[in-house]
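J.: Here it is, the structure in full.
The values are calculated or read from the model by the stated rules, or taken from the named source; none is laboratory data. Everything quoted here is computed from the prediction, not taken from an experiment. Methodologically, a virtual Cβ is constructed for each residue, glycine included, from the backbone with ideal geometry; neighbour enumeration extends over all protein chains shown.
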Amino acid sequence: MYEQPGIDVRADGAVRIVTLNQPDTLNAFTEDLHEQFVSLWADVEADEDCRAVVLTGAGRTFSAGGSYDDFEGRRVDPARRRRSLRLARRLFDEMIEVAVPVVAAVNGPAVGLGATVTTLCDIVFMAEGAFLADTHVSVALVAGDGGAVTWPAHTSLLRAKQYLLTGDRLSAAEAVELGLANFVVPPDQLLAEATALAQQLAAQPPQAVQETKAILNQHLRANAIRSLGYGLATESSSHDTPEYAAWSEKLRPES
């Protein structure tokens, strides 16, 4: 249990503090970290003493999203692309199905898939200076792996269109104002305040908390039934466009 090398998990009573622990790569979701993160939620479910989770990132970033090292690989290798998108679907499903509440402690930028992970959490704390940005479209990808499902559920459809179509950043205060986060706190208080709320949730009757969360997540499930499959399919198609090839070329190291 909890043996993912890129993810640190420690217990604080009935709360598990989960830290994406690859600060040298800005906690970007490489294939390895992606797989570890998906597997993490089965470990959480198997932990009978766990009543809530706090999710944060090591270093100065919550998560930079997808790993740039994988861009070219997904473009030229259809099998690798399919594997990546299957993981994206499993990540979405695991996070909305995990029974215990998940409190995000967004310590720095949450970009792309990092922003999607944030919006899949149940309560979101953001440090002053942190921001959200779903930059899929800016790198020639359809925002199909969850953002187009979660953002309209938390804010308005018009606001979701504004930020998903532009990739513009949302400051912590703006995220709270639009409904994509709950609290903005000083960075040195972030983890303590997120953990305090997680402890409050952990002290509530577990069946009542967990089934209420499950009911509320029916809204995300309904959105996912309508649009997640289409989103993943069209995101896959993005990898074959000339615009994506040009972006991937920019990232290729010079020989």
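J.: Pick from the range 190-237 the residues that are among the β-branched types (Val, Ile, Thr) and modelled with pLDDT under 95: which of them is farthest from residue 152 (Cα to Cα)?
T.: So the residue we want is 234.
J.: Looking at the structure I just gave you, is residue 138 within 17 Å of residue 237 (Cα to Cα), surrounded by fewer than 17 Cβ atoms within 10 Å (Cβ to Cβ) and either at pLDDT 95 or above or polar (S, T, N, Q) (or both)?
T.: Here the answer is yes, as residue 138 does meet what is asked.
J.: Any chance the range 145-162 includes a residue that's under 19 Å from residue 30 (Cβ atoms), in contact with a helix residue (DSSP H, G or I) (Cβ under 8 Å, 6 or more places away or on another chain), buried (at least 17 other Cβ atoms within 10 Å of the Cβ) and in contact (Cβ under 8 Å) with a residue 12 or more places away in the chain? First the steps, then the outcome.
T.: Start the filter on the range 145-162 by keeping residues that are under 19 Å from residue 30 (Cβ atoms), which leaves 145-146.
Keeping just the survivors that are in contact with a helix residue (DSSP H, G or I) (Cβ under 8 Å, 6 or more places away or on another chain) gives 145-146.
This time we only want the ones that are buried (at least 17 other Cβ atoms within 10 Å of the Cβ), so: 145-146.
Then keep just the ones that are in contact (Cβ under 8 Å) with a residue 12 or more places away in the chain; that gives 145-146.
Yes: one or more hits.
J.: Looking at the range 56-86, which of the residues that are of a type in the set (A, V, I, L, M, F, W, C) and surrounded by 18 or more Cβ atoms within 10 Å (Cβ to Cβ) is nearest to residue 181 (Cα to Cα)?
T.: Looking only at the range 56-86, we keep the residues that are of a type in the set (A, V, I, L, M, F, W, C), and these are 58, 62, 64, 71, 76, 79, 85.
Next, only the ones that are surrounded by 18 or more Cβ atoms within 10 Å (Cβ to Cβ) stay: 58, 62, 64, 71, 85.
On the way: 58: 20, 62: 14, 64: 18, 71: 29, 85: 26 Å.
Taking the candidates together, the pick is 62.
J.: State whether one or more residues within the range 224-239 are in a helix (DSSP H, G or I), closer than 24 Å to residue 54 by Cβ and aliphatic (A, V, I, L, M).
T.: no
J.: Let me ask something additional. Which condition does residue 55 not pass, out of (1) within 14 Å of the chain's Cα centre (by Cα); (2) at pLDDT below 95; (3) not in a helix (DSSP H, G or I), if it passes all the others?
T.: Answer for residue 55: the failing condition is (2).
J.: Still on this structure: For the range 166-192, give me the residue count where each residue is crowded, with 17+ Cβ neighbours inside 10 Å and more than 19 Å from the chain's Cα centre (by Cα).
T.: 1
J.: Can you confirm whether residue 132 is modelled with pLDDT of 95 or more, under 19 Å from the mean Cα position of the chain (by Cα) and at negative phi?
T.: Spelling it out, residue 132 is indeed modelled with pLDDT of 95 or more, under 19 Å from the mean Cα position of the chain (by Cα) and at negative phi.
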